[in-house]
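*Asks:* So that we are looking at the same thing, I have put the structure below in structure tokens.
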Amino acid sequence: MPRVAILLGSKSDVAVLEPCVETLAALGIDHELHVMSAHRAPAKVQQFAATAVDNGFEVIIAAAGMAAHLPGVVGAWTHLPVIGVPVAQPGGSGVSGMDALLSIVQMPPGIPVACMAVNGAKNAALFAAAILALKHDSVREALLRFREEQSA
Ligand code: RP5
């Protein structure tokens, strides 16, 4: 089964990512969620990202708030597609996620990461599904079913 890793910069980001977890589950996509900060636990991030291919992951979703370096750092350690989610927590940094948005979207040439909307957790799951659908029939069918139901 296709495997998606959801990496969070902090436990405090978990609630924002719930729609991502729910959507992957609804589409039948195996996933794991791990908390690892690019700033507070850089060695853990390196270890996870550098071994992600060998451990069977196919797409990585990385979510963080404030100076959100997690998606870019993960992308530096793996060639897997990385989908960034800028996080704005209620009562957070005071700039409504603009800090995280710009930190993720303004990657320098050479190491791209996709960037969803601020708190765009559901779309991160759907974008991961679109990538996996290129290869996995079961995911393509589930994604098309979701879109038909959404239209209806
Ligand atoms: C970021 O800083 C995290 O992704 C989180 O959004 C923000 C605050 O983290 P905590 O201080 O709540 O752990 O690294």
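*Asks:* Consider V21 against the criteria (1) surrounded by fewer than 20 Cβ atoms within 10 Å (Cβ to Cβ); (2) assigned to a loop (DSSP other than H, G, I, E, B); (3) touching a residue at least 12 places away in the same chain (Cβ under 8 Å); (4) away from the ligand (no atom under 13 Å from the Cβ): it satisfies all of them except one. Which criterion is unmet?
*Replies:* (2)
*Asks:* Taking interchain pairs and intrachain pairs at least six residues apart, which have beta carbon atoms under 6 angstrom, with the first residue in the range 44-72 and within 18 Å of V21 (Cα to Cα) and away from the ligand (no atom under 13 Å from the Cβ) and the second open to solvent by 40 Å² or more (accessible area, probe 1.4 Å) and outside any strand (DSSP E or B)?
*Replies:* Listed pairs, sorted by first residue: V59/P81; V59/I131.
*Asks:* I need a count of the residues in the range 115-152 that are outside any helix (DSSP H, G or I) and either within 15 Å of L80 (Cα to Cα) or at pLDDT below 95 (or both).
*Replies:* Start the filter on the range 115-152 by keeping residues that are outside any helix (DSSP H, G or I), which leaves 115-120, 134-136, 152.
Still in the running and either within 15 Å of L80 (Cα to Cα) or at pLDDT below 95 (or both): 115, 134-135.
Residues in the range 115-152 being outside any helix (DSSP H, G or I) and either within 15 Å of L80 (Cα to Cα) or at pLDDT below 95 (or both): 3 in total.
*Asks:* For residues in the range 50-76 being in contact with a helix residue (DSSP H, G or I) (Cβ under 7 Å, 6 or more places away or on another chain) and over 19 Å from A100 (Cβ atoms), which is surrounded by the most Cβ atoms within 10 Å (Cβ to Cβ)?
*Replies:* Per the criteria, the residue is V59.
*Asks:* Take the conditions in contact with a strand residue (DSSP E or B) (Cβ under 9 Å, 6 or more places away or on another chain), closer than 18 Å to L17 by Cβ and more than 10 Å from the ligand (Cβ to nearest atom) and apply them to V87. Does it pass? Quick ask: steps written out before the conclusion?
*Replies:* Working: in contact with a strand residue (DSSP E or B) (Cβ under 9 Å, 6 or more places away or on another chain): yes; closer than 18 Å to L17 by Cβ: yes; more than 10 Å from the ligand (Cβ to nearest atom): no.
So V87 fails the test.
*Asks:* Turning to a different aspect of this structure: Name the pairs whose Cβ atoms lie under 6 Å apart, with the first residue in the range 85-97 and part of a strand (DSSP E or B), the second not small (G, A, S), and 6 or more positions between them or separate chains?
*Replies:* Within 6 Å, the pairs are V85/M116; P86/L101; P86/I104; P86/V118; V87/D13; V87/V16.
*Asks:* Would you mind stating whether A52 is modelled with pLDDT of 95 or more and outside any helix (DSSP H, G or I)? Before you say what the answer is, go through the steps one by one.
*Replies:* Values: modelled with pLDDT of 95 or more: yes; outside any helix (DSSP H, G or I): yes.
When the stated conditions are applied, A52 passes them.
*Asks:* So which of P108, P90, P112, P81 ends up being surrounded by fewer than 21 Cβ atoms within 10 Å (Cβ to Cβ) and modelled with pLDDT under 95? Walk me through how you get there before you give the answer.
*Replies:* On the way: P108 fails: modelled with pLDDT under 95; P112 fails: modelled with pLDDT under 95; P81 fails: modelled with pLDDT under 95.
So the residue among P108, P90, P112, P81 that is surrounded by fewer than 21 Cβ atoms within 10 Å (Cβ to Cβ) and modelled with pLDDT under 95 is P90.
*Asks:* Has the range 121-137 got any residue that is among the basic types (K, R), open to solvent by 40 Å² or more (accessible area, probe 1.4 Å), in contact (Cβ under 8 Å) with a residue 40 or more places away in the chain and more than 23 Å from M36 (Cβ to Cβ)? Let's see the steps before the verdict.
*Replies:* If we filter the range 121-137 for residues that are among the basic types (K, R), which is where we start, we get 122, 135.
Still in the running and open to solvent by 40 Å² or more (accessible area, probe 1.4 Å): 122, 135.
Next cut, in contact (Cβ under 8 Å) with a residue 40 or more places away in the chain only: 122, 135.
Those still in the list that are more than 23 Å from M36 (Cβ to Cβ) too: 135.
Within the range 121-137 (the criterion being among the basic types (K, R), open to solvent by 40 Å² or more (accessible area, probe 1.4 Å), in contact (Cβ under 8 Å) with a residue 40 or more places away in the chain and more than 23 Å from M36 (Cβ to Cβ)), the answer is yes, since at least one residue qualifies.
The values are calculated or read from the model by the stated rules, or taken from the named source; none is laboratory data. Just so we're clear, the structure is a prediction, and the values are computed from it rather than from any experiment. Note that we place each Cβ from the backbone using ideal geometry, even for glycine, and neighbour counts take in every protein chain shown. Ligands, DNA and RNA are stripped out before the accessible areas are found, and what is left, the full protein with its side chains, is counted by its heavy atoms. Shrake-Rupley method; radii C 1.70, N 1.55, O 1.52, S 1.80 Å.
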